[in-house]
Structure formats: C-alpha cells, structure tokens
1. Quick check for you: with a 1.4 Å probe and neighbouring chains kept, what is the accessible area per residue of the chain, in Å²?
2. Using only the Cα atoms of the chain, what do you get for the radius of gyration and for Dmax, in Å?
3. Helix-only estimate, please: 222 nm mean residue ellipticity of the chain, summing -39500 (n - 2.57) across DSSP H runs of length 4 or more and dividing by its residues, to the nearest 500.
4. Just subtract the alpha-carbon distance of Gln299 and Thr363 from 0.36 nm times their residue separation and send over the number in nm, one decimal.
5. Once you list every other residue whose beta carbon is under 11 Å from the beta carbon of Ile354, what net charge do they have if Lys and Arg are +1 and Asp and Glu are -1?
6. How many nm separate the modelled label positions at Asp190 and Asn136, each set 7 Å beyond the Cα in the direction of the Cβ?
7. Which net charge results for the neighbourhood of Val177, defined as the other residues with beta-carbon distances under 13 angstrom from its beta-carbon, given Lys and Arg at +1 and Asp and Glu at -1?
8. In a shell of Cβ-Cβ distance under 13 Å around Leu15, excluding Leu15 itself, what net charge do Lys and Arg (+1) and Asp and Glu (-1) give?
Amino acid sequence: MSTFNTTSNQSLLLLRSEDLFSQGKWAFINPLDAAVFNNIDNPNIIGLHQYHHHFSECERACSQAQYFGAAFGEGVFGETADDEKATDQSTVANSQANKADAIAKHALDGVVIYMPKSKQQLAMLINNASYLVKPNGKVLIVGENKAGIKSAPKLLDKIGEHVNKIDSAKHCGLFAVAVTNPLPSFTIADYAQVHEYKINQQSMHIYSLPGVFGHKQLDPGTDLLLQQLTPESLAKTRGHIYDFACGTGIIGCYLAKIITKTKRVTMSDISALATYCSEQTARLNAVEVNIIACSGVAQCDPKFDVIVSNPPFHEGIQQDYSITDNFIKQAYSRSHPHASITIVANRFLPYPGILDTVYKGFTEVAVSNKFRVYGAKKFAKS
C-alpha cells in the first residue's frame, strides 16, 4: 500500500483495493479528491466529474485526464481541463468531439462511482457507466453508510447478475458487478423532466435532472423568493444580474424574462447537471443568459449590480454553512457600489448575522413558517 493524504473516507477505502485498478482502462466518476489518481500506479485512469470544485482540484493535482460534464460518452461531453477558459458553447463542443476516443462506448474496463446524495442521480450514473464499460466490464460504487450505500446492490443488479461486496471500512462500503446488461445507448435527456410553473402570472418552463435542486417540484423557499420579485418591484432594476447556485435556472431565467432593461443575467453553479439544466431552461423560455460552471462569485470576471439566490447549505449529505458565508462575502466584493443582494434561506440558518457583518445591515423581506427572504444593499464608501 502506497502512502497518501486525503480527507475522503471513500478514497481511503478504494485504496485498500488499489491492485484492482492497477491494470486496464478505468474511470472514477465524481471522485472527492485526488488520492485515487496519485496513489494508483496506472496511467490509464481518468476522472469524470459533475462537480467543478473536485474537477478543478484533480486537474491541478493529477497528471491523468480529467473531464467535466453532465454526462459522459460520445456526444454528451462537458468541459475538460483544456476547455476551462472557453466561453463559446460551440467551441467547447467541438473540442470535446475531438476527444471522443477517451470516453467512448464500451471503451473502459471498469468504472467507479462515488455515491451521490440523490438515488435517482446514482441510477442515472450507473446506466451511464454501463454504457462506457466493455462487455463484462466492472461497475463499482463506493459510499458512506449514512448516505445509503447498502442500497447500491439493488441498483447494480439491473446491469449485472452477481453483485459483490468488495470491502467495508471507514464507515463506507464498496460494491461491484460485472456488466451483463449494458445500455446500448445513453442520452441524458431521457432522464429529464420539464415542469411548467406560473410565477407572478408569468409562465415558465423549467428543465430538470436527477441530482439538481428543485428536480421534482418548485422548492417552497425559491417560490417565496420569486413571489417578492414581481414585475412592479423590479421595474427600475438595471445593470448586471447574478443568480448564484442557479440549479434548474428558474430564478435567473425568470429575471431575464421579465426585466427587459437589464444589461445581462449571469448564472453559476458548481454542478454540471445544474448548468446543463439552466441552459435548457433558458432555451425553453427564449431568454439569453450567461451560464458559468464555477465554485462561486470570485470566479466570475465581471462585477454585479443585483444578486439573487437560494444558496445551498449542504456539501453532499453534510451541512456546510461556509458555502453561503463565502458567497455573501464574495458577493459584496464582486459587486458595484449600491448593488443589492436578495437571498432566501431556512429560518434556522445563521445568515442574518453574516449579512449584518458584511453589509452593515439587512432587511427581512418576507417570512413563511420555514423560510425567510433577506435583502441587503452595498453602499459606496464615503
């Protein structure tokens, strides 16, 4: 066993079986750190990422190829390390087409999936993996016990006959199956849903995928936030609007649809699934928006005049208040004087104190039994 440093128990468990991955072509989907790349002696391992922060970390720390996208395979590429600076979607797509041999149908000997929070997302990833591996190639799932890894065999047995438990330690489990029932094709659109919502008398069509916030229904917190954003209240809104953690794209696309005098709307999310959904939502509603996959405001080049968000407070299954803490601080520094910020949050979350510290005051715009909408304004220094 080689030496390594990692904070991921899932990677620690995988490295106990590193000999399993030492031969052949393997892909690790949504790895939480760079340990599996830096501590397994096999140059034919690649990383497939749906989350930009892990993609960026692995791209910096590893020599192996790293890919970022909503799904993986011929015709469903997202961004790679070489394309991070590309902003034109057709440029990105053409660049990915040239790399089709790296993630082609039945090209891999095995795929390892780090278990996501959403079981529907896991089922989609298993099907994607079965499309990528050779006949009788292996698909493995590693995950924490508290994330429900013990339910993984029920999903794996749909693509193979004999699911094996490889190992368990560090409060995690590792399961594997040889693929005998692979998908002949994989199209991410097969897993999508399109919902129609009426928001302040404005009809919106929203595209969603498993693993994206607000997939099955309009989140009540987002609904409360949108109720405050009436056409009348936004009649004098000008400048550059930013939707942080855009998810399905409902907030940013709604603002782009009703605010006709704004310069532009920028939307960002850490998830490739979310940015893909936002692109489709923008298309369905015939609005022009700028969509960026990134970890936060600091990675967006321009400054903003209006910031609106239903920010996340989870990293996987763990509560993580630092995400919104950093967002609020970055929003202040990345906005123009007199810029406004409006966010919605669960009532128990400690965001009033953060807003008060950063913006030197805030207002409570709306309250429900579970959520509160907060507003604050940045004032120019005297």
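1. Here the per-residue accessible area is 45 Å².
2. Cα-based Rg and Dmax for the chain come out at 21.5, 71 Å.
3. Only helices count here, giving -7500 deg cm²/dmol.
4. 20.3 nm
5. Cβ neighbours under 11 Å give a net charge of -1.
6. The answer from the label model is 2.5 nm.
7. Around Val177, the surrounding residues sum to +2.
8. Net charge in that neighbourhood comes out at -3.
The values are calculated or read from the model by the stated rules, or taken from the named source; none is laboratory data. All of these numbers come straight from a predicted model, not from anything done at the bench. In this analysis, Cβ positions are derived from the backbone assuming ideal geometry, glycine residues included, and neighbour counts consider all displayed protein chains. Just the protein is used for accessible areas: all its heavy atoms, side chains included, with ligands, DNA and RNA removed. Shrake-Rupley method; radii C 1.70, N 1.55, O 1.52, S 1.80 Å.
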